[in-house]
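The values are calculated or read from the model by the stated rules, or taken from the named source; none is laboratory data. This structure is a prediction, so every number in the text was calculated from the model and none was measured. Note that we place each Cβ from the backbone using ideal geometry, even for glycine, and neighbour counts take in every protein chain shown. Ligands, DNA and RNA are stripped out before the accessible areas are found, and what is left, the full protein with its side chains, is counted by its heavy atoms. Shrake-Rupley method; radii C 1.70, N 1.55, O 1.52, S 1.80 Å.
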Amino acid sequence: MSRVILLDPSHWAGKWTAPDEDQHYDLKTVNLLGYEYGIASDSTEKEAKLLQLLEYFHGYLMKYVLMIQWGTIPPANSRAGKDAKQLLRTLAPRGSKPSQEQTNASCKMLHLAFKGQTTEEIYDTLAFCFMKAARRYDPYYSDKTKRVCEEVHGLPQEFSQIQLGERVDFNCTGILRALVRKDFLASITEKKKVVGYKTGPKWPPPASYFQSGPVGFVYMLQMWFRYCVNECIIGYRTN
């Protein structure tokens, strides 16, 4: 198995190695560590778990470093290529139709958001995005989703997020959006703004919907990482 060190050895992650495409960490192992990180209270032990997770994803971050520097997308049929395309599609102009041409154009322009940065500086920026994404992980998401659905049963057929918020002690915006995507709920809009919700065509969710256990850390991390990178690039554009 060939491994390549691409960062300066003096960098804090300089001795980490990026595995080949067909060599990757066990998904269950990474998800378990992510779960342990998610339930841990703020401490040096939690910080150590985050650093270990970051090392697990070192090859993932280096993939994006190379994309930024070289302006090329990994092979389309590879795991890295599929994930990279999803990120690049979030960078396309709003309203544009997804296409290979648009994806390639976004990749070739990606380096402009990191203009003048060294390899190590680009890596640090992506590592910061990784940590922001990791902090968004909620190991109790499934339990909260079940609680939201239980409370919806006691609300009028059409209800507002404020009404729901009076019954739960956590932010349920993301859960409501997920339930809408699954057609368990439907959005009520006025002037293109969501003002409420109502039960959807597939309501209520089946019992199996709440039996998947904690949301996988890897799945969540990749989704939020793309969002955080997009947010970071937008910040560069506006500064």
If ligands, DNA and RNA are left out, what is the accessible area of His153 with a 1.4 Å probe, given in Å² to the nearest 10?
120 Å²
Return the distance in nm (one decimal) between the two label points of a simple spin-label model at Thr29 and Gln52, each offset 7 Å from Cα along Cα→Cβ.
1.1 nm
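Lysine pairs in region 38-139 with Cα distance under 16 Å, only those 8 or more apart or on different chains: how many are there? Each step should come with its number before you reach the end.
Values: Lys46/Lys132; Lys49/Lys132; Lys63/Lys82; Lys63/Lys85; Lys63/Lys108; Lys85/Lys97; Lys85/Lys108.
For region 38-139, qualifying lysine pairs total 7.
Please arrange Lys132, Lys28, Lys202, Lys192 by accessible surface area, largest first, computed with a 1.4 Å probe and ligands excluded. Walk me through the numbers before you get to the answer.
Details: Lys132 65, Lys28 165, Lys202 120, Lys192 205 Å².
Descending order: Lys192, Lys28, Lys202, Lys132.
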Take every Cα-Cα distance within region 170-230, group them into 10 Å bins from 0 onward, and report for each bin the whole-number percent of pairs it holds.
18, 41, 34, 7
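How much length would be gained if the chain were fully extended between Asp8 and Arg136, taking 0.36 nm per residue of separation minus their Cα-Cα distance, in nm to one decimal? Can you show the working numbers first?
Numbers: separation 128, 0.36 × 128 = 46.08 nm, distance 2.98 nm.
Taking Asp8 through Arg136 to full extension adds about 43.1 nm, to one decimal.
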Heavy atoms of the protein only, probe of 1.4 Å, neighbouring chains included. What is the accessible area of Thr189 in Å², nearest 10?
80 Å²
Do any cysteines of the chain lack a neighbour Cys whose Cβ is under 4.7 Å away, and which are they?
Cys107, Cys149, Cys172, Cys232
Relative contact order for region 16-163: what percent, with Cα pairs under 8 Å and sequence separation of 6 or more?
24 percent
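Would you list Tyr227, Tyr197, Tyr56 from the most to the least accessible area, probe 1.4 Å? Walk me through the intermediate numbers first.
Details: Tyr227 105, Tyr197 15, Tyr56 55 Å².
Order by accessible area, largest first: Tyr227, Tyr56, Tyr197.
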Choose one answer from Thr29, Thr103, Thr125: the residue with the largest mean-square fluctuation in a GNM of the chain with alpha-carbon springs under 10 Å.
Thr29
Hits for the chain under the membrane-span-like helix rule (DSSP H, Cα axial span at least 30 Å, Kyte-Doolittle mean at least -1.0) are 217-238
Please check: in the Gaussian network model of the chain (C-alpha springs, under 10 Å), which one of Lys46, Lys193, Lys15 has the largest mean-square fluctuation.
Lys193
Please find, in a Gaussian network model of the chain (springs between Cα atoms separated by less than 10 Å), the residue of Ala134, Ala92, Ala207 whose mean-square fluctuation is greatest.
Ala207
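Solvent-accessible area per residue for the chain at a 1.4 Å probe radius, Å²? Present the calculation step by step, with values, prior to reporting the outcome.
Working: 14360 Å² over 239 residues.
Solvent-accessible surface per residue comes out at 60 Å².
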With N set to the number of residues, divide the alpha-carbon radius of gyration of the chain by 2.2 N^0.38 Å and report two decimals.
1.15
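Based solely on its DSSP helices, what 222 nm [θ] is calculated for the chain when runs of n ≥ 4 H residues each add -39,500 (n - 2.57) and the sum is averaged over all residues, nearest 500 deg cm²/dmol? All intermediate terms of the calculation are to be shown ahead of the outcome.
On the way: 10 runs with 126 residues, N = 239.
Estimated from H runs of four or more residues: -16500 deg cm²/dmol.
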